[in-house]
Amino acid sequence: MLAMNKIKILGTTVIVIAATIVISSCKDKRSTGWEYAPNMYEHIAYDPDQKNDNFKDGKTAQVPPAGTIPVGFVKFDYPKTKEGYELAGTEVKSPLPQTQANFADGKLLFAHFCSPCHGLSGQGDGLVVQHGYPAPPSYSKGQSSRGGAMKDLTDGKIYHTITYGVNAMGSYASQLEPTERWKVIMYVHHLQTL
């Protein structure tokens, strides 16, 4: 008798659950049904361009507090001036060891970021020059627009130029992190001797 009641209760429960599923699934054809973890696709975070009452200025995208430094940031204390360029030329030296791995990395980075203008051999004959843009000076034969021969450029002068840019060349500080810049400089010194 007790076993019969358990079977009836279990059977009734299964029928009620099945009926609930059938009735709730037939209610609205456009409904996607019950949502499992709706916060995965209905985010509560603010978009950067959205109004946000949590801040005094009402903006979501906030400027970092004054004096903060991003993780991994390497400060370059030479201004974007001719004087800063000359000072960097005398004071700044590469911290990287002259290894085959660093040289190979520099060659690859140069090919990707610099050769479109400077050419693979550093002679100022890159693809953009072939499309009518002004040619940068040759590393081995040209004259710098800031004075002096390109073959005499020091670590600091090249680093300053990569960081800030000069003339038609823009800054590559956002494309090349400081270590990568030093590797490119290592390869540029090789091109200065060609």
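Worth a mention:
- Pairs are defined by a Cβ separation below 7 Å, a sequence spacing of at least 6 or placement on different chains, a first member in segment 95-121 that is farther than 15 Å from residue 192 by Cα and of a type in the set (Gly, Ala, Ser), and a second member that is at pLDDT below 95 and outside any helix (DSSP H, G or I); the pairs so defined are 111/120.
- Sole exception among (1) surrounded by 15 or more Cβ atoms within 10 Å (Cβ to Cβ); (2) in contact with a helix residue (DSSP H, G or I) (Cβ under 7 Å, 6 or more places away or on another chain); (3) on the phi < 0 side of the Ramachandran plot; (4) not polar (S, T, N, Q) for residue 127, by number: (1)
- One residue stands out among those in segment 146-175 that are crowded, with 20+ Cβ neighbours inside 10 Å and aliphatic (A, V, I, L, M): the one that is farthest from the chain's Cα centre (by Cα), which is 150.
- Output for segment 136-152, where each listed residue is in a loop (DSSP other than H, G, I, E, B), within 21 Å of residue 125 (Cβ to Cβ) and without any contact (Cβ under 8 Å) to a residue 40 or more places away in the chain: 136, 137, 138, 141, 142, 144, 145
- Scanning segment 176-194 for residues that are over 20 Å from the mean Cα position of the chain (by Cα) and either free of Cβ contacts under 8 Å to residues at least 24 places away in the same chain or surrounded by 14 or more Cβ atoms within 10 Å (Cβ to Cβ) (or both) gives 185, 186, 187, 188, 189, 190, 191, 192.
- In segment 27-72, the residues that are at pLDDT below 80, small (Gly, Ala, Ser) and more than 27 Å from the chain's Cα centre (by Cα): 31, 33, 37
- Residues that are of a type in the set (Phe, Trp, Tyr) and not in a loop (DSSP other than H, G, I, E, B) were ranked within segment 66-113; the one that is nearest to residue 167 (Cα to Cα) is 85.
- Residues in segment 114-125 that are hydroxyl-bearing (Ser, Thr, Tyr) and either farther than 16 Å from residue 190 by Cα or outside any loop (DSSP other than H, G, I, E, B) (or both): 115 only.
- Answer from 104, 135 - the residue that is surrounded by fewer than 18 Cβ atoms within 10 Å (Cβ to Cβ) and closer than 16 Å to residue 185 by Cβ: 104
- Candidate set: segment 43-83, residues that are in contact with an Asp or Glu (Cβ under 9 Å, 6 or more places away or on another chain) and among the small types (Gly, Ala, Ser); chosen: the one nearest to residue 157 (Cα to Cα): 72
- Against the conditions (1) surrounded by fewer than 11 Cβ atoms within 10 Å (Cβ to Cβ); (2) touching a Gly at 6+ places or on another chain (Cβ under 8 Å); (3) free of Cβ contacts under 8 Å to residues at least 40 places away in the same chain, residue 23 satisfies every one except (2).
The values are calculated or read from the model by the stated rules, or taken from the named source; none is laboratory data. Values in this document were obtained by computation on a predicted structure and should not be read as measured data. Every residue, glycine among them, receives a Cβ derived from its backbone with ideal geometry; neighbour counts consider all protein chains shown.
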